[in-house]
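The values are calculated or read from the model by the stated rules, or taken from the named source; none is laboratory data. Since the model is a prediction, treat every value here as computed from it, not as a measurement. Counting neighbours? That spans all protein chains shown, and the Cβs are built from the backbone with ideal geometry, glycine included.
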């Protein structure tokens, strides 16, 4: 049991456990299935406010426990450390997703939708965990990213939260503000949160950056990718939303 809760950072131990195919694909399949179930049974939650509130708050409490456990375990092991701050984009999005579950705030929803769904799936398809299913960290990682993906989908299905152009632009501007803060923080502290930095020595840690023009030119590509991702996600959401409306009108 002690080994199950071994939470030492693989960056520090140098010990990595690779995931097998089932450990990699099963969580993704379960998340997709749950997303489909949320959409199929959305009316049950819409028509039963008490059930909906219980479900939403229960998920929020569970999400909060899963989220905080990561930092509690790491703090117990290493104490305060700049590299353990919740400053990665998925960590920021998870924190906001938890707030969303308790507050139903639309501005938070829009940000979590754009950063959480895509970021969560990327993290699951290209996991950097260092632990397999014999460790708690594996389940913490999978549950946290799964809930990050499902939370905005739940609000789209049950609350009909669909981001408009203004909300989308506002969300992107918030992301830009966070990015500017992280570039500054990374520069002075020497970290590499959100993989945006202007420290030339970081290219040794991330050699792939050289293929995108090096530092700081690669940040231009980061912006292009970000804008493209927002645009595509917006178009996909509204395509399915319009299709849904057309089908409902036919009934």
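Pick from 215, 203: which is over 24 Å from the mean Cα position of the chain (by Cα), surrounded by 11 or more Cβ atoms within 10 Å (Cβ to Cβ) and part of a loop (DSSP other than H, G, I, E, B)? Only one candidate passes the filter, namely 215. Sort through 4, 45 and tell me the only one that's in contact (Cβ under 8 Å) with a residue 40 or more places away in the chain and either over 29 Å from residue 156 (Cα atoms) or not in a helix (DSSP H, G or I) (or both). Of the residues listed, the single one that is in contact (Cβ under 8 Å) with a residue 40 or more places away in the chain and either over 29 Å from residue 156 (Cα atoms) or not in a helix (DSSP H, G or I) (or both) is 4.
For residue 81, the conditions (1) touching a helix residue (DSSP H, G or I) at 6+ places or on another chain (Cβ under 9 Å); (2) in contact (Cβ under 8 Å) with a residue 40 or more places away in the chain; (3) over 25 Å from residue 117 (Cα atoms) are fulfilled apart from (2). Flag: residue 87 does not match the condition of being assigned by TED's automatic domain parsing to the domain that holds residue 115, assigned to a loop (DSSP other than H, G, I, E, B), out of contact with any helix residue (DSSP H, G or I) (no Cβ under 7 Å at 6 or more places or on another chain) and within 26 Å of residue 9 (Cα to Cα). Of the residues making up the stretch 162-178, those that are free of Cβ contacts under 8 Å to residues at least 60 places away in the same chain and crowded, with 18+ Cβ neighbours inside 10 Å number 1.
Table: residues versus (1) under 15 Å from residue 149 (Cβ atoms); (2) out of contact with any helix residue (DSSP H, G or I) (no Cβ under 9 Å at 6 or more places or on another chain); (3) not in a helix (DSSP H, G or I).
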position	(1), (2), (3)
28	yes, no, no
31	yes, no, no
39	yes, no, no
51	no, no, no
54	no, yes, no
66	yes, no, no
74	no, no, no
97	yes, no, no
100	yes, no, no
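With respect to the stated conditions, residue 153 fails to be part of a helix (DSSP H, G or I), assigned by TED's automatic domain parsing to the domain that holds residue 61 and surrounded by fewer than 17 Cβ atoms within 10 Å (Cβ to Cβ). Being modelled with pLDDT under 95, within 28 Å of residue 193 (Cβ to Cβ), out of contact with any helix residue (DSSP H, G or I) (no Cβ under 6 Å at 6 or more places or on another chain) and in a helix (DSSP H, G or I) is not true of residue 62.
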